[in-house]
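Handing you a structure now.
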Amino acid sequence: MSKEIRQQVAAAVNAVEEKKGEDLVVLEMDRSSGAFTDYFVVCTGTNPRQIQSISDEVERQLSQLGVRPNSIEGYNQAEWVLVDYVDFVVHIFSTRAREFYGLERLWKSAERLTPADLAKKPAAKKAVKKIAAKRPAAKRASAPASSSTAKRKPSVKKGAKSKPRR
């Protein structure tokens, strides 16, 4: 996660704070979790107008840095506005939608960051090695060598009638 991306996330956090977004959380996604982005910025707006205002401010501040969103979803309904910047996604929820979807619960493996953490230099994360599980020699010897030695189900002729069960 580059310093430039962290600065962009910090700008998004600043925009949320300026528009009085509540319950602000920054989640740094774990690479091994299969996440499609590096960061989630999650906050709550108290009403549809504030939710749209937060979205507008995030877009305005990041456009000053020369960054445009890849897509914006849910702006007109203003229950859950998703502003996708590819490397990070800003989620602006109504209170009811945030409780219902529970992103923090779904992505509980993500590390929670504070705005101050974004200013720090990111710590280098150790790569996780995947080690292939080896079957013990005894199990390999007992496993069937091919599908021809495995037991087969008896075949049923087409059109044959079966007896009804009693």
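Return one quarter of the surface area of the convex hull spanned by the alpha-carbon atoms of segment 33-125, equal to its mean projected area, in nm².
Averaging across all directions leaves 6.7 nm² for the Cα convex hull.
Can I ask one more? Using a cut-off of 11 Å between beta-carbons, work out the net charge of the residues near K19 (Lys and Arg +1, Asp and Glu -1, K19 not included).
Overall, the nearby charge balance is -2.
Additional query: For the residues W80, W107, what sequence is obtained by ranking on other C-beta atoms within 10 Å, fewest first?
Listing W80, W107 from fewest to most nearby Cβ atoms yields W107, W80.
Laboratory data are not the source of any read-out in this text; all were calculated from the coordinates shown. In this text the structure is predicted, and so the values were computed from the model without any measurement. Neighbour counts run over all protein chains shown; Cβ positions are idealised from the backbone, glycine included.
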